[in-house]
Amino acid sequence: MQDAVLLSRIQFGITAGFHFLYPPMSIGLSILLIYMEWKFLKTGEKIYEQITKYFVKVFALIFGVGVATGVVMEFEFGTNWATYSRYVGDIFGSPLAIEAIFAFFLESAFLGILLFGWNKVSPRFHFFSTIMVSLGAILSAFWIIVANSWMNTPTGYKLVYNVVNGVKIERAVITDFWTMVFNPSTMERFEHVISACFLTGAFLVLSISAYWLWKKIDVEHAKKTMKMALFLAVFSSLTQLFSGHHSGIGVYKHQPAKLAAYEGHFKTAPGNLYTFGWVDEKNQKVYGVDLPGFLSYLVFFDPKEPLIGINDIPPVERPGKPPVKENPPIQVAFQSYHLMVTLGLLMIAISIIGLFYLIIGKLFKTKWLLALFIPSFILPHTANMAGWIATEVARQPWAVQNILLTREAVSNQVWFSLIMFTSIYLMLGVLFIYLMFKKIKQGPASVS
Amino acid sequence: MELNVVWFLLLAVLFGGYAVLDGFDLGVGMIHLGLKSDIERRTSINAIGPVWDANEVWLITAGGALFAAFPDVYATLFSGFYTPFMLFLLAIIGRAISIEFRSKVESAGWKKTWDVVFCLSSFLIVSILGISLGNIITGIPIYQDKEYAGTLYTLFRPYAIMTGITSLLLIRMHGKIFLAMKTEGELQQKIAKGINASLVLFVISYIIHGAWTIIMYPGVTKNFVIFPVWFILPAFIILSIIVIPGFINSRLYYRAFIASCAIIVFCIAIIAINIYPNLVISNPNPENSLTIFNSASSTKTLMIMFIVACIGIPIMLVYKILIYRIFRGKVKIDNMSY
């Protein structure tokens, strides 16, 4: 049984992680596409037409893989987490169904026009379709974040007990829809994820534009795309910082064990903010470079205010079950959280430097900066993965915070599917990268 | 009418809608390797290009709705049918990727590979869904605690395989009619020529399947016996079957397509009526069946989701119909096509 839990967790991690490489690119790129197409509509210039149509094709590739890997997610709760599905389905199923009805239909229907409707509808209607695809994608992010946030800060529910065929069944049912939807962490996490998506799209286009400038491919096009991507990067890296801050405060309020895990905070005391470090879980120490009291300052605006240590968090009581006093894996939580924050700060720095060079008119000719930008698309992706690992690992051992343990939530037979997904996704990832690189080698002027 | 019953109907509509719409995408996939030239294959993929993704979403929505309204059924079905379902997901991934990747590299080998993937994954999807449908009709072993009690091999019993074959033949015909409708010239003639033969194959299979059902699983049709008015459904199916050859020979492909859609819709309807009020029949031990009453979410959730559906589905229908209208007519390949 333990075997099935671990394998199912790994499988979910792989399928969700691989999937989450694509929607952020789709969402971020869709924002830039709206701007590109708007410029084309406004100015009528061929350069903007080429840029738009070029990135529509890039978008199609990304969206396609996103859909292919996304279908798996919809059903993986049923296949591998059947007990979870029975237990919280009354509540958790709704945002998923709503995501399909309102968001998936919207984005997929108008995608047809976006990709294939250029010669069939008016330019205005096509532009409207681009906006609808973006809206659909963002709505999709919203509803899935609603579901995931509910797992972390569940509200708007109650536990009920039924006896069916002589078997006592316990499950969670909804008491208030809007309380469930706007549970304590929904909005902060939604802001944070959307910022991350914008950032991912921005850096994708930044990297591609830098490559073109470096290789002197379609330089005029590249200058325009670089500029728009840079502005989005600066904007969203800063909003990311603020939403991250709000999320952090929220996490302390509702999931103190998580924040304690993030910073290796074992004993109740004023909290130190680590820039980097290594957690010695056995001796309950962190070796690293820290800013004393800074964590308390971020949460309370008072560096002397104690934060609860992970040792002092009371066991969770559940009616009819033994109390649970288990820590999440602290080292993993600490490292992934710090990786995310470091990358976030790095992205702010790079985008602001880029903006400065743009303002002084030297951006497109400064080789070392271009060289820095070319591989930078990897930064948001790594930060996204690190952030998700941090938040989902640090809520362990809970599948739904304080209600259902992960090991209670699982189904059964996992080796075959784990191997299948791993190998298929590896192959898919390689193919995707190959096709992207091939596309990028020709610039937008190749669009007729 | 009780919410549970309303949701049974909504689910039938969602699965039925999926079968009709993604049905033609899958049917096109199934005949793909029968088309020989690159231009023919590009044409057929572009015939479904703008709409296949939104069609697939009907299945996602049906799955999500199942999760929200009947979470026990969602859990039992997907964990119980685990291995076939994973193969199904593999095929879904394969189909999506093959459509998107096929034309991206100008190499015959690359294109051929994705052509094979496109065709095989379409076959696999329909087979698995058809076999699952066969199991839904007759029932599967369920434990008292609602978990699946059988093995992988239980699912591959002969009746289920027969349902799979019948589904394959129906969907193949459906795809051919769609493609005949969307193409012109030589390609259209080539495809249209084979339609009546496909229809005959389907009809033979359907008759065998129907007889098998009634003879070997008489309990399945009890709802028809209680409410004979439902016999109108098989009557409509027969009517739809009869008119197709006439339409095909007169080149009225759009009408033939409507008739084909009708056949699929009525087949799903018959299955829905057969299993009502069960969703997953337990066979043996019918007292363990998952019904729309014992496997449902709370009334509150059903009501919330009902309101969501009342708002969301009409809106969706409006823009979907709008978009189908935009893409009506013959397939034309241009520089933005697949």
Please list, in chain and number order, the residues 5+ apart from A:L404 or on another chain whose amide H is under 5 Å from its amide H, with Hs placed from the backbone. A:A399
For chain B, evaluate the Debye formula with one uniform point scatterer on each Cα (no solvent term) and list log10 I(q)/I(0) at q = 0.13, 0.14 Å⁻¹, rounded to two decimals. -1.04, -1.19
Whose amide H sits under 5 Å from the amide H of A:L273, counting only residues 5 or more places off or on another chain, with H placed in the peptide plane? A:L291, A:G293, A:F294, A:L295
Do the alpha carbons of any pairs in A:K57/A:K223; A:K258/A:K304; A:K227/A:K362; A:K362/A:K441 sit beyond 22 Å of each other, and which pairs? A:K362/A:K441
In Å, the Kirkwood estimate of hydrodynamic radius for region B:1-41 over Cα pairs equals 12.4
What distance in nm separates the simple spin-label points at A:K285 and A:K438, each placed 7 Å from Cα in the Cβ direction? 5.6
Relative contact order computed over region A:2-446 (Cα-Cα under 8 Å; 6+ residues apart), in percent: 20
What residues have an amide H closer than 5 Å to that of B:T291, excluding those fewer than 5 places away on the same chain, when H is modeled at 1.01 Å from N in the peptide plane? B:L279
Restricting to DSSP H runs of at least four residues, report the calculated mean residue ellipticity at 222 nm for chain A, -39500 (n - 2.57) per run over all residues, nearest 500 deg cm²/dmol. -23000 deg cm²/dmol
For region A:284-438, restrict the atom set to alpha-carbon positions and state the Rg and Dmax in Å. 21.9, 68
Can you tell me the FRET efficiency between B:L252 and B:V200 if r is taken as the Cβ-Cβ distance and R0 is 22 Å, rounded to the nearest 0.05? 0.70
How large is ³J(HN,Hα), in whole Hz, for each residue of region A:15-26 in order, when computed from phi with the Karplus curve 6.51 cos²θ - 1.76 cosθ + 1.60 and θ = phi - 60°, using x for Gly and Pro? 5, 5, x, 5, 4, 6, 6, 8, x, x, 5, 4
Give the interface area between chains A and B as buried accessible surface, both sides summed, probe 1.4 Å, in Å² to the nearest 100. 6300
Centroid-to-centroid separation of region B:270-328 and region A:237-308 [C-alpha atoms, Å]: 46
Which FRET efficiency value, to the nearest 0.05, is calculated for B:V229 and B:I333 with the Förster distance at 51 angstrom and r the Cβ-Cβ distance? 0.60
Those helices of chain B passing the 15 Å axial Cα length cut-off and the mean Kyte-Doolittle cut-off of 0.0 (DSSP H runs only) are B:3-30, B:52-69, B:82-101, B:108-138, B:158-182, B:195-216, B:232-249, B:253-275, B:299-326
Cα extents of region A:346-448 along the three principal axes, largest first, in whole Å? 59, 34, 24
Stick to the Cα atoms of region A:2-446, pair each with every other, and give me the Kirkwood hydrodynamic radius in Å at one decimal. 23.4
With angles folded into 0 to 90 degrees, how steeply does helix A:105-116 sit against the dominant principal axis of chain A? Use alpha carbons for both and round to 10. 20
Of every Cα-Cα pair in region A:151-217, the percentage lying beyond 21 Å is 58
Return the subset of A:K253/A:K285; A:K224/B:K112; A:K120/A:K216 for which the Cα-Cα distance in this structure is over 28 Å, preserving the input order. A:K224/B:K112; A:K120/A:K216
Where Rh is the Kirkwood radius over Cα pairs, Rg/Rh for region B:222-318: 1.11
Log entry: pair-distance distribution for region B:87-229, C-alpha pairs binned every 5 Å from zero, whole % per bin is 2, 9, 12, 14, 17, 16, 11, 8, 6, 3, 1, 0, 0
Using alpha carbon centers only, region B:133-160 is separated from region A:146-194 by a whole-angstrom value of 31
Return the distance in nm (one decimal) between the two label points of a simple spin-label model at A:N162 and A:L6, each offset 7 Å from Cα along Cα→Cβ. 3.6
Please list log₁₀ I(q)/I(0) at q = 0.20 Å⁻¹ for region A:246-351, using the Debye equation with identical point scatterers on the alpha-carbon positions. -1.06
For the protein assembly as shown, what size does the Cα cloud have along each of its three principal axes, sorted from largest down, in whole Å? 82, 70, 41
Karplus-derived 3J(HN,Hα), 6.51/-1.76/1.60, for each residue of region A:321-337, Hz, glycine and proline x: 10, x, x, 10, 10, 9, 8, x, x, 6, 4, 4, 4, 4, 5, 5, 4
Excluding B:F202 itself, what net charge comes from residues whose Cβ is under 15 Å from its Cβ, given Lys and Arg +1 and Asp and Glu -1? +2
Simple spin-label model, 7 Å along Cα-to-Cβ: B:E186 to A:K321 in nm? 6.7
With θ set to phi - 60°, apply the Karplus curve 6.51 cos²θ - 1.76 cosθ + 1.60 along region A:31-38 and write out the HN-Hα couplings as whole Hz, x wherever there is a Gly or Pro. 5, 5, 4, 4, 5, 4, 5, 5
Can you give the three extents of the C-alpha atoms in region A:170-273 along their principal axes, from longest to shortest, in whole Å? 61, 38, 23
If Lys and Arg each add +1 and Asp and Glu each add -1, what is the summed charge of the other residues whose beta carbon sits under 15 Å from the beta carbon of A:V164? -2
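The values are calculated or read from the model by the stated rules, or taken from the named source; none is laboratory data. Model, not experiment: these values are computed from the prediction. A quick note on method: Cβ atoms are made from the backbone with ideal geometry, for glycine too, and the neighbour counts reach across all protein chains shown. The protein model used for the area step is the full one, side chains on, heavy atoms only, and it has no ligands, DNA or RNA in it. Shrake-Rupley method; radii C 1.70, N 1.55, O 1.52, S 1.80 Å.
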